[in-house]
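> One structure is given below, represented as structure tokens, and several questions about it will come after.
The values are calculated or read from the model by the stated rules, or taken from the named source; none is laboratory data. Predicted model only: the values in this text are computed from it and were never measured. Virtual Cβ from ideal backbone geometry, glycine too; neighbours counted across all protein chains shown.
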Amino acid sequence: MGRQLLARISKHFAAALLALASMVVGHNLTLLIAYGPDYTARLTSMGDGKSWDDTVTFVLAAAAMLAITACLRLAFLLQQVRTAHPYQRVGLSGSAYLRTLAPLWLKLFAVSLALFVFHENEERWGIGLAMPGMSVLGTVGPVSPILVFALVSLAFAAVVALFRVGIEFLEAIIAAARRQSWSQSPTLPRPKAARESAPASIIGRNLAVRAPPALVAA
């Protein structure tokens, strides 16, 4: 139970971190495309100062640590498979990858875009400007933020899906090998209960070897 709870917490933390990373990259990329050389000045005028830079650094560093952890996990599982099953074919299924990628991309895209809208309204409210609402999703410069976030979230989802499918594939191989090993393990025969011989009857034995009385024989 404790392990399942820890796994669920880790999964939700990783999902939230990925959504934040997609948001900060999409946010900065949107403004960079829209304002070009005036990108830094525009960030400052919109309320994105040093605190925003610190947030971006922290989120991207945490996302990088998450990617390193996934790489180490993948390498560990691959080493286990290669050691125990050197002739096992290791490869990813394209259909399984796409089934994992599509919902992951949609969720990441929706959450990161919602975070972008919330952030843009919150920062304008913080500096005393009118909140733009959903209008921040309109075209900014030559590109719409929706297109930018669609591409950024797709890039993140493609990498995450690759790690997830690879780890699940290797874990399935290891689990199947363990089940096969357990099913083929020799079982010791159960000892048979010793048959107890019925106590010999002294009277019966004597009658069997003694001749009948003369009266009966006559």
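> Residues that are surrounded by fewer than 12 Cβ atoms within 10 Å (Cβ to Cβ), at pLDDT below 85 and not in a helix (DSSP H, G or I): does region 72-86 have at least one?
Among the residues of region 72-86, at least one is surrounded by fewer than 12 Cβ atoms within 10 Å (Cβ to Cβ), at pLDDT below 85 and not in a helix (DSSP H, G or I), which makes the answer yes.
Every residue, every condition in (1) modelled with pLDDT under 90; (2) surrounded by 11 or more Cβ atoms within 10 Å (Cβ to Cβ); (3) part of a helix (DSSP H, G or I), yes or no:
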position: A7; (1), (2), (3): yes, no, yes
position: A15; (1), (2), (3): yes, yes, yes
position: S22; (1), (2), (3): no, yes, yes
position: L32; (1), (2), (3): yes, yes, yes
position: P37; (1), (2), (3): yes, no, yes
position: D48; (1), (2), (3): yes, yes, no
position: V90; (1), (2), (3): yes, yes, no
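> A further question on this structure: For region 105-151, enumerate the residues that are among the hydroxyl-bearing types (S, T, Y) and surrounded by 12 or more Cβ atoms within 10 Å (Cβ to Cβ).
Across region 105-151, the qualifying residues are S112, S144.
> While we're looking at this one, here's another question. In region 109-126, what residues are touching a helix residue (DSSP H, G or I) at 6+ places or on another chain (Cβ under 6 Å) and under 17 Å from L17 (Cα atoms)?
F109, V111, S112, L113, L115, F116
> Only one of these is hydrophobic (A, V, I, L, M, F, W, C), outside any strand (DSSP E or B) and either under 18 Å from A19 (Cβ atoms) or at pLDDT 85 or above (or both): A150, A194. Name it.
One residue alone meets the criteria, A150.
> Return a yes/no flag: does region 201-217 have any residue that is basic (K, R) and modelled with pLDDT of 50 or more.
no
> What single numbered condition from (1) touching a helix residue (DSSP H, G or I) at 6+ places or on another chain (Cβ under 7 Å); (2) modelled with pLDDT of 90 or more fails to hold for L106?
Of (1) touching a helix residue (DSSP H, G or I) at 6+ places or on another chain (Cβ under 7 Å); (2) modelled with pLDDT of 90 or more, only one is false for L106: (1).
> Shifting gears a bit: Between a first residue in region 149-162 that is charged (D, E, K, R) and a second residue that is in a helix (DSSP H, G or I), which pairs have beta carbons less than 6 Å apart while being 6 or more apart in sequence or on different chains?
Every condition considered, no pair remains.
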